[in-house]
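All of the numbers you see were taken from the coordinates with simple rules; none came from a lab. Every value quoted in this text rests on a predicted model; they were computed, and no experiment measured them. Using ideal geometry, Cβ is built from the backbone for each residue, glycine included, and neighbour counts are taken over all protein chains shown.
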Amino acid sequence: MKDYSSILSNIRRYVNFPQEEEIQLTSIIRTTRVKKRQFIDQPGFVSSYRHYVVKGAFRSYLVDKDGKEHTIKIAIDDWFINDFCSYIAQEPATLFVEALEDSHLFQMKYEDLEGLCSRNHNISEYFRMAAERAFAFSTKRALSTLSMTAEERYLEFTERYPGIFHRVPQKVIASYLGISPEFLSKIRANFLKKDLIYIKQIS
């Protein structure tokens, strides 16, 4: 029997979710294993699934006209990831969504999930709230980029993703923060130096 406890626990944090509705949702979930560097969405193809990360790490990114990559989102365990605009509009994607490590996904096909949401208020409410949280987070991130220094963005990132540097390449994190990998190394070195000074002071 497949273990859906991770996604069901996530949903229960926001809505009441009786067993009958759990069965309805899990009936449309397919389990997928994804290899590191494999794409689950890419430009030119419609994002047909909501991807829930059971275990693993992903990033979505845009490649500009000069060939430079811009990381839009990083997702690890218990997060959703896809080209959301493509999924909602059912139009060709503009983002690549790439596995950063071997990963385990739950996938829900657009037609199946939309049909279920139209029949089930609790499931519809959960995904509405998930979309609102994603929008709020993207707005907050945009404001942080405009109003915070690189060092402040780095601190905010490490608080949100504790232990992330062990799982995600530094160049991806630098791209997400909008800085060069070299500058990120400098920021990390400066904070490490401050931590060592503080430890010496209290020891």
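Worth pointing out:
- Potential lengthening between A136 and R37 on full extension [0.36 nm per residue; Cα-Cα distance subtracted]: 32.8 nm
- Projecting the Cα atoms of P92, L177, V63 onto the dipole axis of the chain, where Lys and Arg carry +1 and Asp and Glu carry -1 at the beta carbon, places L177 farthest toward the positive end.
- Calculated P(r) of the chain - Cα pairs past 28 Å, %: 34 percent
- Estimated vicinal HN-Hα couplings, Hz - the range 60-71 in sequence order (Karplus 6.51, -1.76, 1.60; Gly, Pro = x): 10, 8, 10, 10, 7, 5, 8, x, 7, 8, 10, 6
- If only the Cβ of Lys and Arg carry +1 and only the Cβ of Asp and Glu carry -1, the dipole of the chain around its Cα centre is close to 700 debye.
- Low-density loop positions, trypsin sites (Lys or Arg not before Pro), the range 1-53 - DSSP coil, at most 13 other Cβ in 10 Å: K2, R13, K35, K36, R37
- Rounded to whole numbers, the Karplus 3J(HN,Hα) couplings from phi for the range 121-137 are 5, 5, 5, 4, 5, 4, 6, 5, 5, 4, 5, 5, 5, 5, 5, 4, 5 Hz, using 6.51 cos²θ - 1.76 cosθ + 1.60 with θ = phi - 60°, and x at Gly and Pro.
- Working from Cα pairs under 8 Å separated by at least six residues, relative contact order for the chain is 22 percent.
- Loop-resident chymotrypsin sites (Phe, Trp or Tyr not before Pro) (DSSP state other than H, G, I, E or B) in the range 1-87 with no more than 12 further Cβ atoms inside 10 Å of their Cβ: F45.
- Taking H166, H51, H121 in turn, the Gaussian network model of the chain (Cα-Cα springs below 10 Å) assigns the largest fluctuation to H166.
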